[in-house]
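Data first, discussion second: the structure below is written as structure tokens.
Just so you know, all these numbers are worked out from the coordinates, no wet-lab data involved. Please read all numbers here as calculations on a predicted model, not as lab measurements. Cβ sites come from the backbone with ideal geometry, for glycine too, and all protein chains shown count toward neighbours.
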Amino acid sequence: MPDVPEIHVVVLAAGKGTRIKSSRPKVLHHVAGVPMIAHVLEGARALRPRSVAVVVGHQADAVKSALAGHPGLTFVVQEPQLGTGHALLMAEPALRGAGGTLILLSGDVPLLSPQTLQALVDRHQTRKAAATVVTAIVDAPHGYGRIVRSGEAMARIVEEKDATPEEREIREINSGIYAFDLDGLFDAVRGIASENAQHEYYLPDLVAIYRRLGRGVETMTVANPDEIRGINSRGELAQVSRIVRQQKNDELMASGVTIEDPATTYIDRSVTIAADTVVHPCVSLEGRTTIGAGCEIHSGARVVNSQIGDRVTILNHCVITDATIGSDVSIGPFAHLRKDADVRDRAKVGNFVELKHTVLGGGSKAMHLTYLGDATIGQKVNVGAGTITCNYDGVSKSQTVIGDGAFIGSDSQLVAPVTIGQGAYVGSGTTVRGDVPAGALAVSAGAQRNIEGWVDKKKKKK
Ligand code: UD1
Ligand code: CA
């Protein structure tokens with residue numbers, strides 16, 4: 001085995017995030033459907049580190065519980081929050097006995113690519129530096145720490161609030177992402193003082209300390225400054241989200257998906273779409289959603305955590321969550337498919353139809369103004385306009401079962417639990433309170449009565 005230094009990761013996420021003006025911790029605000037810190041942790045994982053510690057403080061419990069799905073994290077608490085240098089120091093006990101390279105990430109810098117992180121590790125290790133700072137050259141450096149060089153070498157980092165007007169002109173900025181040699185790191189961090197505009201212990205001050213100690217400090221400048229964008233405000237949150245969306249849309253278009261207007265199309269990173277599917281403007285595809293080939297998703301549709309087959313048409317303004325849809329299906333416009341709606345191949349769901357916990361069998365149709373809940377509907381069933389499964393009696397939910405080839409007339413109520421047999425008919429306007437045998441016709445309305453001349457009599461009374 002070659003002697004590859006270990007890698008450890010620390011993610012800073014204890015700050016209040018004052019500038020985002022939120023009751024929620026900043027690092028939990030979503031970028032492309034997941035908390036921004038989840039993007040950071042995904043990048044960290046690509047380095048296959050020995051350990052990942054997250055420094056939490058402000059609303060620590062909220063951050064911890066939001067990250068419960070990420071295995072193998074160590075949480076360390078920073079209380080009070082005295083700055084980024086102080087935050088790193090809090091991770092010292094978690095790293096006792098560890099050696100090699102520490103990668104320091106910021107919970108509010110979510111776009112860093114795994115390739116850039118790996119390049120940072122490689123450069124830091126081959127140059128045997130004590131610290132390597134990831135930097136970028138940007139047009140608008142406002143708000144970032146500036147890299148002050150003497151000659152070629154980085155001399156120190158100065159924060160915006162402590163910078164002279166000349167230093168503010170510097171366009172090379174600190175990304176807040178670093179590689180450190182763990183050897184001697186925490187002793188040096190303890191040397192950081194807080195005599196500055198914010199009275200905080202600034203981690204970037206380590207650069208000047210290492211220079212004084214004669215230890216090697218390096219920089220790595222990223223080619224694409226978008227990668228190191230930090231999120232401090234809602235405006236920056238929107239900008240970063242747009243960059244992630246653009247990347248996703250570009251990938252999908254490169255793989256054969258038509259996106260008519262990428263600027264108004266919102267597709268989470270976790271979504272997959274097969275070739276020749278067309279996505280119209282103003283569509284949101286979220287969470288663990290998969291969409292097959294040759295589908296057409298029209299404007300205003302929102303699809304969340306759902307599986308959709310091939311050649312499916314989703315017409316305008318459908319909301320589809322936690323649903324499964326087969327192939328050659330048509331949905332909408334204005335349909336609502338939710339929890340465990342399961343629409344099989346060649347079925348059709350029309351306007352103002354809601355499905356919940358319901359199987360709509362192959363080739364079956366429910367085209368207008370219908371609620372189907374807790375139902376198992378066979379193949380080639382016709383569900384007429386205005387059909388309602390009365391699945392809830394105020395206490396518990398009950399099942400409706402409809403056999404293959406049945407015909408449910410318009411404006412029928414199916415009071416569950418109830419079973420309609422294969423090929424049975426339910427007359428229009430029937431309230432079905434008991435099972436209907438296969439092949440039978442159920443009717444419940446009384447005979448029609450016409451009162452001759454009624455309208456004229458009414459008019460005369462007035
Ligand atoms: C920091 C850098 C700045 C850099 C910028 C890049 C410092 C002093 N400045 O500034 O040079 O250009 O990032 O985005 O480091 N945090 C804690 N505990 C604290 C303070 C902060 O955990 O006591 C965390 C925050 O939650 C955040 C990260 O550290 O995730 C950065 O803190 P923030 O206050 O956003 O620093 P910036 O002002 O952006
Ligand atoms: Ca920041």
Exercise. Out of LEU117, ALA60, ILE377, whose Cα points farthest toward the positive end of the dipole of the chain (charges: +1 Lys, Arg; -1 Asp, Glu; placed on Cβ)?
Worked result: ILE377
Seminar exercise, completed: So the angle from the long Cα axis of helix 114-126 to the longest Cα principal axis of the chain, reported in degrees to the nearest 10, equals 20
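Please compare each pair in LYS365/LYS458; LYS365/LYS397; LYS64/LYS339; LYS21/LYS64; LYS339/LYS380 to a cut-off of 31 Å on the Cα-Cα distance and tell me which ones are over it.
On the way: LYS365/LYS458 43 Å; LYS365/LYS397 23 Å; LYS64/LYS339 28 Å; LYS21/LYS64 20 Å; LYS339/LYS380 23 Å.
With Cα atoms farther than 31 Å apart: LYS365/LYS458.
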Exercise. Under 19 Å from a point 7 Å along the Cα-to-Cβ line of ALA275: which residues of the stretch 283-299 have their amide N that close?
Worked result: 291-297
For this session: Note down the relative contact order for the chain as a percent, whole number, built from C-alpha pairs under 8 angstrom at least six residues apart.
Result: 8
Seminar exercise, completed: Stokes-Einstein D for the stretch 197-356 (25 °C, 0.890 mPa s, Kirkwood Rh from Cα pairs), in µm²/s, comes to 136
Seminar exercise, completed: Cα-based Rg and Dmax for the chain, in Å, come out at 30.9, 109
For this session: For the stretch 165-210, just the Cα atoms, rotate onto the principal axes and tell me the three extents in Å, largest first.
Result: 35, 23, 14
For this session: Take the alpha carbon gyration tensor of the stretch 250-341, find the square roots of its eigenvalues, order them as a ≥ b ≥ c, and report rounded if a/c is under 1.5; if not, report prolate when a/b exceeds b/c, else oblate.
Result: rounded
Exercise. Which is farthest toward the positive dipole end of the chain among GLN246, ILE192, HIS336, measuring Cα position about the Cα centre, with Cβ charges +1 (Lys, Arg) and -1 (Asp, Glu)?
Worked result: HIS336
Exercise. Can you give the Rg to Rh ratio for the stretch 105-256, taking only C-alpha atoms and Rh from Kirkwood?
Worked result: 0.99
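Considering only DSSP beta bridges whose two residues both sit in the chain, what percent are antiparallel, to the nearest 5? Walk me through the numbers on the way to the answer.
Values: 19 of 107 bridges.
Bridges in the chain that DSSP calls antiparallel: roughly 20 percent.
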For this session: Taking 7 Å along the Cα-to-C-beta vector as the label spot, tell me the ARG234-MET367 distance in nanometres, rounded to one decimal.
Result: 4.5
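Ignoring everything except DSSP H segments at least 4 long, calculate the 222 nm mean residue ellipticity for the chain; use -39,500 (n - 2.57) per segment, divide by total residues, nearest 500.
Working: 9 runs with 82 residues, N = 462.
About -5000 deg cm²/dmol.
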For this session: Compute the acute angle (0 to 90°) between the alpha-carbon long axis of helix 36-45 and the principal axis of greatest extent of the alpha-carbon atoms of the chain; round to the nearest 10°.
Result: 70
Exercise. Once Lys and Arg get +1 and Asp and Glu get -1 on their Cβ, which of THR101, VAL27, MET90 lies farthest toward the positive end of the dipole of the stretch 16-116?
Worked result: VAL27
Problem set entry | Nearest-ten-degree value, helix 234-254 long axis tilted from longest Cα axis of the chain | 70
Exercise. Under the definition of Cα pairs under 8 Å and six or more residues apart, what whole-number percent is the relative contact order of the stretch 276-358?
Worked result: 21
